[in-house]
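The values are calculated or read from the model by the stated rules, or taken from the named source; none is laboratory data. Values in this document were obtained by computation on a predicted structure and should not be read as measured data. For neighbour counting, all protein chains shown are included, and Cβ atoms are generated from backbone atoms with ideal geometry for every residue, glycine included.
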Amino acid sequence: MSLTEVSAVCTDRVILDRWHPISALAETTPVPQRTQLLGAAIAHRRVGDPEPEVWLVDDAETPDAGPPLPVLVRYGYVWTSLGDPIDLFEIPEFDEPDRRRLNAGSIHVATSAPRAVENFLDLGHFPYVHTGLLGAEPHTEVTEYDVDIVDGEIWATRCQFFQPQAAQNASGGQMTQYTYRVPHPYCVLLYKSCAIDPTRRDTIGLFLQATSPETCRAHNFLCMVDEESTDTQLRRFQQLIFGQDKPILENQQPKRLPLDPRVETPIRADKSAITYRRWLTELGVRYAVVPAD
Amino acid sequence: MLKLYDYELSVNCYKQRLLLGILDVPYEVIPVDFFPGWEHKSEAFAAINPLGHIPVIDDDGYVLRDAHAILVYLASRYDPSGRWYPTSDPQLLGEVAQWLLFAEGTTNTASAARLHDNLGYDFDIEAVRTGAHRLFRVLDEHLWFAERQQRPWVCAASHPTIADLALFPDVVLSEEGGISRIDYPALRRWTDRVKRIPGFSPMPGIFPATPASTG
């Protein structure tokens, strides 16, 4: 893969015509901040309240000005697009008044956005990578679960796993029920049994900003039912988990996600990953992946 | 109880957790929202450390800042063997001080590169990586010659010191800042030895030791 191909701006219409996260709203500043999206240099700044400005940096000499890009503020994040974006997915529980809504840290990762999505979908790594928190030996079995495409989104249901400390506010081990959802090629959400209220589910999201085909910035999104923990504690737990995943992700080769089903050998536990790869192929995604054809 | 103002992904905070774990000292973590909250730069935190950085400890009212100063204090206060900060051996103590200052250099280079690559900090990335390689080359050569003299640790003793703990995290996490260690074989062997110190604890990004070659 030549450097030109890695640094080239995305030409994939499926990806261009989506909203992409570029910053937590709380982390925007009146001073312009530069970042990268799909190979393009962009910048943003907070003007007035709350709507920020986003623009394309098309001239390195004048980074503080450039053609404006569309802006959407949702779920505590600033989203933009290099194309003509289709509607962003809904997260209905975000509007429940007692939810803790938090930007838990935006962290650069030296791998493609789809690799990060796929890792987020994987239950099998919990006992080995998140030992003592999200999993522990000998409880390594991933039991049968269902994966369906519903209204154009991937839903993995009936997932469960034994977890020694499932969340910041969990006390002791528990069988944790999971539902996973992929509503966007580079965004993934999970719903897991809430440690303090069995009738509700915590929502945790990973919104990936594909900075290039082989790098991304992971925006950790929390929407929790938790009256006790401080913001700092909730962020700390999430960053501990993500910090454990990061080196695993960065060691995967190739960095782009291979979509050809013959390239990597899956096991039964990888059902959601297999569906994700097939779904990307059916959507026609070509950016940050190794297409099947 | 001893309190540690701590951020999970901070290398300098990890050094304290590592030593406290090895010495088996109970302590209370006071989590600081370093990122994305920038709590260490807040007015409230300035009362704890006017320099606005972590770690800081509060040992029953005795407040101390700066990672390597805290290592000196904790080892002197809580290590009855006197080995981790060997005050009774002037030459060894001088070496420990020398390598603690060297570790300030890896903070300014290898740690800076990691903050740039992970959290988007504004550093001259090529300059800090070059600086880290210069230091790693020196440390690798030093450890290579030490191994030839049957000395497994950074300082000339049969046991590790706080110098090993001060240097270990920046070295072992360097790839997160785009600093490859492929050219430093003695560094790799030494990081494996550090991981086998009884009471060793990892932090995110650090893998357990590979199996020892001898029983």
Given (1) within 14 Å of chain B (Cβ to nearest Cβ); (2) over 17 Å from the mean Cα position of the chain (by Cα); (3) over 23 Å from A:Pro127 (Cβ atoms), A:Thr215 misses just (2)
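Residue by residue, here is whether (1) in the same structural domain as B:Leu20 (by TED's automatic domain parsing); (2) out of contact with any Pro (no Cβ under 8 Å at 6 or more places or on another chain); (3) of a type outside the set (Ser, Thr, Tyr) holds:
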{"site": "B:Thr130", "(1), (2), (3)": "no, yes, no"}
{"site": "B:Gln149", "(1), (2), (3)": "no, yes, yes"}
{"site": "B:Thr161", "(1), (2), (3)": "no, no, no"}
{"site": "B:Leu173", "(1), (2), (3)": "no, yes, yes"}
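This table checks each residue for (1) within 14 Å of chain A (Cβ to nearest Cβ); (2) part of a loop (DSSP other than H, G, I, E, B).
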{"residue": "B:Asp122", "(1), (2)": "yes, yes"}
{"residue": "B:Glu147", "(1), (2)": "no, no"}
{"residue": "B:Val154", "(1), (2)": "no, yes"}
{"residue": "B:Leu167", "(1), (2)": "no, no"}
{"residue": "B:Ala186", "(1), (2)": "no, no"}
{"residue": "B:Ile197", "(1), (2)": "no, yes"}
Pull up segment A:18-50, narrow it to residues that are under 17 Å from A:Leu88 (Cα atoms) and of a type outside the set (A, V, I, L, M), then point me to the one that is nearest to the other protein chains (Cβ to nearest Cβ). A:Ser23
Selection status of A:Glu118, over 27 Å from A:Ile15 (Cβ atoms) and either of a type in the set (D, E, K, R) or not assigned by TED's automatic domain parsing to the domain that holds A:Arg235 (or both): no
Mind listing just one residue for me: the one in segment A:239-255 that is more than 10 Å from chain B (Cβ to nearest Cβ) and in contact (Cβ under 8 Å) with a residue 12 or more places away in the chain and, of those, surrounded by the most Cβ atoms within 10 Å (Cβ to Cβ)? A:Lys255
Only one of (1) surrounded by fewer than 15 Cβ atoms within 10 Å (Cβ to Cβ); (2) modelled with pLDDT under 95; (3) closer than 30 Å to A:Tyr180 by Cα is not met by A:Gly48, so which one is it? (3)
State whether the residues of segment A:60-76 include one that is in contact with a helix residue (DSSP H, G or I) (Cβ under 7 Å, 6 or more places away or on another chain), of a type in the set (A, V, I, L, M) and in a loop (DSSP other than H, G, I, E, B). no
List the residue pairs whose Cβ atoms are under 9 Å apart, where the first residue sits in segment A:114-140 and is under 15 Å from A:Ala170 (Cβ atoms), the second is crowded, with 18+ Cβ neighbours inside 10 Å and of a type in the set (Asp, Glu), and the two are 6 or more positions apart or on different chains. A:His130/A:Asp245
So how many residues does segment A:161-176 have that are crowded, with 16+ Cβ neighbours inside 10 Å and either outside the structural domain of A:Val225 (by TED's automatic domain parsing) or in a strand (DSSP E or B) (or both)? 5
Exactly one of these conditions fails for A:Thr143: (1) β-branched (Val, Ile, Thr); (2) assigned to a loop (DSSP other than H, G, I, E, B); (3) surrounded by 18 or more Cβ atoms within 10 Å (Cβ to Cβ). Give me its number. (3)
Scanning segment B:1-10 for residues that are of a type in the set (A, V, I, L, M, F, W, C) and surrounded by fewer than 22 Cβ atoms within 10 Å (Cβ to Cβ), which turns out nearest to B:Ile54 (Cα to Cα)? B:Leu2
With segment B:1-91 as the region, which strands (runs of 3 or more DSSP E) entirely inside it contain at least 2 residues that are more than 14 Å from chain A (Cβ to nearest Cβ)? B:56-59, B:62-65
What do you reckon, is A:Glu264 outside any helix (DSSP H, G or I), within 30 Å of A:Glu96 (Cα to Cα) and of a type in the set (D, E, K, R)? no
Name every residue in segment A:89-115 that is in contact with a Leu (Cβ under 7 Å, 6 or more places away or on another chain), within 14 Å of chain B (Cβ to nearest Cβ), within 14 Å of A:Gln252 (Cα to Cα) and among the aliphatic types (A, V, I, L, M), in order of residue number. A:Val109
